[in-house]
Amino acid sequence: MKLRNLALSALLMATAVFSQAEQYVAGQHYKVIANATMPRNPEKIEVVEVFWYGCGHCNHFEPTVNAWKKFLQADVDFYQVPAQFSRQWKIHAELFYLTHALKINEKVHQPIFDAIHKQRKPLLDKDDQKEFLAQYGVSEADFDKYDDSFSVRRQLKMADQMVRSWAISGVPAVIVNGKYMVNASSAGGEERVFDVVNYLIEQERQSLKK
């Protein structure tokens, strides 16, 4: 895994430079979103990965995301949003925002993927989630305090509204500044997604300077 991450890091460093020289075409390499959304921080270029913990493609894509994140510039605001296309997806979305409320998401994000895809634990049952999070110091009382809290419900609602606005039909997908959507299909492969994303970031960066 370490060798793979090093290779991904080197690849992303190189493509971050070369992709700027390559021209990508709207409607071919990326989709222009009809109902664009405002970035949460208008002073930065927003990049959002839409995902589902139970998605095998998202699990496979996560090392690429992590490698790319290491080279984020200060003017880029990256975060992740869980899609809620079914009951199972919503349960995992609730778990995602619960871990944010508990302030442990960075610690447990990858282990959740591992539990589902490597250990074959779907984490769809509250008791299973409690048992899993107990490994990271979360008491049953804290779990119950934040589970289905106003904050979690509000973030779930906002996330669902955003995903619907972007008209996303599958994950993983990457949204740039609320205007453009990139996925493996449009980019020509998972390994090229951030080539296109980096290109769009630079386009937005130049627009902000005008």
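Out of all the residues in region 170-184, is one or more assigned to a helix (DSSP H, G or I) and either under 22 Å from VAL50 (Cα atoms) or touching a helix residue (DSSP H, G or I) at 6+ places or on another chain (Cβ under 8 Å) (or both)?
The first filter runs over region 170-184 and keeps only residues assigned to a helix (DSSP H, G or I), leaving 184.
Filter once more, keeping what is either under 22 Å from VAL50 (Cα atoms) or touching a helix residue (DSSP H, G or I) at 6+ places or on another chain (Cβ under 8 Å) (or both): 184.
So far as region 170-184 goes, yes, one or more of its residues are assigned to a helix (DSSP H, G or I) and either under 22 Å from VAL50 (Cα atoms) or touching a helix residue (DSSP H, G or I) at 6+ places or on another chain (Cβ under 8 Å) (or both).
Checked against (1) out of contact with any Phe, Trp or Tyr (no Cβ under 8 Å at 6 or more places or on another chain); (2) surrounded by fewer than 20 Cβ atoms within 10 Å (Cβ to Cβ); (3) among the polar types (S, T, N, Q), ASN183 passes all but a single condition, namely (2). One residue stands out among those in region 129-153 that are in a loop (DSSP other than H, G, I, E, B), out of contact with any helix residue (DSSP H, G or I) (no Cβ under 7 Å at 6 or more places or on another chain) and modelled with pLDDT of 95 or more: the one that is surrounded by the most Cβ atoms within 10 Å (Cβ to Cβ), which is VAL138.
Is it fair to say LYS157 is of a type outside the set (A, V, I, L, M) and modelled with pLDDT under 95? Spelling it out, it is not the case that LYS157 is of a type outside the set (A, V, I, L, M) and modelled with pLDDT under 95.
Taking the stated definitions as given, is LEU156 in contact (Cβ under 8 Å) with a residue 60 or more places away in the chain, assigned to a helix (DSSP H, G or I), more than 19 Å from GLU22 (Cβ to Cβ) and in contact with a Phe, Trp or Tyr (Cβ under 7 Å, 6 or more places away or on another chain)? Break it down into steps so the answer makes sense when it comes.
Details: in contact (Cβ under 8 Å) with a residue 60 or more places away in the chain: yes; assigned to a helix (DSSP H, G or I): yes; more than 19 Å from GLU22 (Cβ to Cβ): yes; in contact with a Phe, Trp or Tyr (Cβ under 7 Å, 6 or more places away or on another chain): yes.
The answer is yes for LEU156.
In region 69-91, the condition of being free of Cβ contacts under 8 Å to residues at least 60 places away in the same chain and in contact with a Gly (Cβ under 8 Å, 6 or more places away or on another chain) is met by at least one residue.
Quick grid of which residues meet (1) aromatic (Phe, Trp, Tyr); (2) touching a residue at least 12 places away in the same chain (Cβ under 8 Å); (3) over 30 Å from VAL25 (Cβ atoms):
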| position | (1), (2), (3) |
| --- | --- |
| ILE112 | no, yes, yes |
| HIS117 | no, yes, yes |
| GLU131 | no, no, yes |
| TYR136 | yes, yes, yes |
| PHE143 | yes, yes, yes |
| ASP160 | no, yes, yes |
| GLY170 | no, yes, no |
| MET181 | no, yes, no |
| GLU191 | no, yes, no |
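Among all residues of region 27-44, there is at least one that is modelled with pLDDT of 95 or more, of a type in the set (A, V, I, L, M, F, W, C), in a loop (DSSP other than H, G, I, E, B) and touching a Phe, Trp or Tyr at 6+ places or on another chain (Cβ under 7 Å).
Every residue, every condition in (1) surrounded by 14 or more Cβ atoms within 10 Å (Cβ to Cβ); (2) under 11 Å from the mean Cα position of the chain (by Cα), yes or no:
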{"position": "ASN35", "(1), (2)": "no, no"}
{"position": "ARG40", "(1), (2)": "no, no"}
{"position": "GLU46", "(1), (2)": "yes, no"}
{"position": "GLU62", "(1), (2)": "yes, yes"}
{"position": "GLN73", "(1), (2)": "no, no"}
{"position": "VAL76", "(1), (2)": "yes, no"}
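With respect to being crowded, with 20+ Cβ neighbours inside 10 Å and over 21 Å from HIS60 (Cβ atoms), ASN177 fits the description. Within the span defined as region 63-83, one or more residues are under 23 Å from ASP127 (Cβ atoms) and either modelled with pLDDT of 95 or more or assigned to a helix (DSSP H, G or I) (or both).
The values are calculated or read from the model by the stated rules, or taken from the named source; none is laboratory data. Keep in mind the model is a prediction, meaning the values are calculated, not measured. Ideal geometry is used to build each Cβ from the backbone, glycine not excepted, and the neighbour counts take in all protein chains shown.
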